[in-house]
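Trainee: This is the structure, below, for whatever I ask next.
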């Protein structure tokens, strides 16, 4: 799976495969993907959650998501539409933010209705045909419209099958928690102080702690920040050749020794040990 043709960056790619590039490897995507499981099954981690993917499962992966394929059957195969951040923004700019957040929180859906499966397959075939038509002067625009159709069709299904409370959150605390998680996802590489997030949400640190405790039950605000930051550190150690010092600088640690202690506290391994383990 390549996001580049020669030296020219493509705005979208339509293809199929077993996602071998992500097997046992954390990857932070700078592009998004729509996937449809044609056969087999797999366990896929999307950010910090693991999902069991089976035939006819639709998977939405937005740009900046961290994924890995933890295990997969020999016959596992997905059709995928890979798209740039710019195409995603243009295709989704009219959709309600609450819907986009809902899909981020619920990226996998298994279709039981055969008519839905047939409809999705038609859209996938149309996308593949557009991708292969390299000489079409409106190729990107048509692909963007097809991507928008995917999202609009999903929007219709979500509105029909889920309540407003499920989509938007049923109370003020759930709304704050969603915004907190968005902030953590976007800022954990540079901000590890719970007070910073409370300030950004215009609430007290104590109230943020209460909200997170009430909604998540088994984690704390600091715990979520650490979980996401450790995930980002693992990606950097696995997918870059940056030195430990360079990683410490990138993630705003005072020095590499501080990073080493932090990482070992949360994983049981030093950054070097983790990198060597993953490489082996």
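The values are calculated or read from the model by the stated rules, or taken from the named source; none is laboratory data. Predicted model only: the values in this text are computed from it and were never measured. Ideal geometry is used to build each Cβ from the backbone, glycine not excepted, and the neighbour counts take in all protein chains shown.
Trainee: Between a residue in the range 24-41 that is more than 30 Å from residue 119 (Cβ to Cβ) and any residue that is modelled with pLDDT under 90 and surrounded by fewer than 16 Cβ atoms within 10 Å (Cβ to Cβ), which pairs come within a Cβ distance under 7 Å, given they are 6 or more apart or on different chains?
Mentor: Taking only residues 6 or more apart or on different chains, the pairs are 28/64.
Trainee: With 83, 31 as the choices, which residue is over 29 Å from residue 277 (Cβ atoms) and assigned by TED's automatic domain parsing to the domain that holds residue 150?
Mentor: Matching residue, one of 83, 31: 83.
Trainee: While we're here: Does residue 36 count as surrounded by fewer than 16 Cβ atoms within 10 Å (Cβ to Cβ), closer than 23 Å to residue 127 by Cα and in the same structural domain as residue 121 (by TED's automatic domain parsing)?
Mentor: The answer is no for residue 36.
Residue-by-condition table, conditions (1) surrounded by 18 or more Cβ atoms within 10 Å (Cβ to Cβ); (2) in the same structural domain as residue 64 (by TED's automatic domain parsing); (3) out of contact with any helix residue (DSSP H, G or I) (no Cβ under 9 Å at 6 or more places or on another chain); (4) not in a helix (DSSP H, G or I):
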{"position": "184", "(1), (2), (3), (4)": "yes, no, no, no"}
{"position": "191", "(1), (2), (3), (4)": "no, no, no, yes"}
{"position": "197", "(1), (2), (3), (4)": "yes, no, no, no"}
{"position": "212", "(1), (2), (3), (4)": "yes, no, no, no"}
{"position": "219", "(1), (2), (3), (4)": "no, no, no, yes"}
{"position": "222", "(1), (2), (3), (4)": "no, no, no, no"}
{"position": "229", "(1), (2), (3), (4)": "yes, no, no, no"}
{"position": "234", "(1), (2), (3), (4)": "yes, no, no, no"}
{"position": "237", "(1), (2), (3), (4)": "yes, no, no, no"}
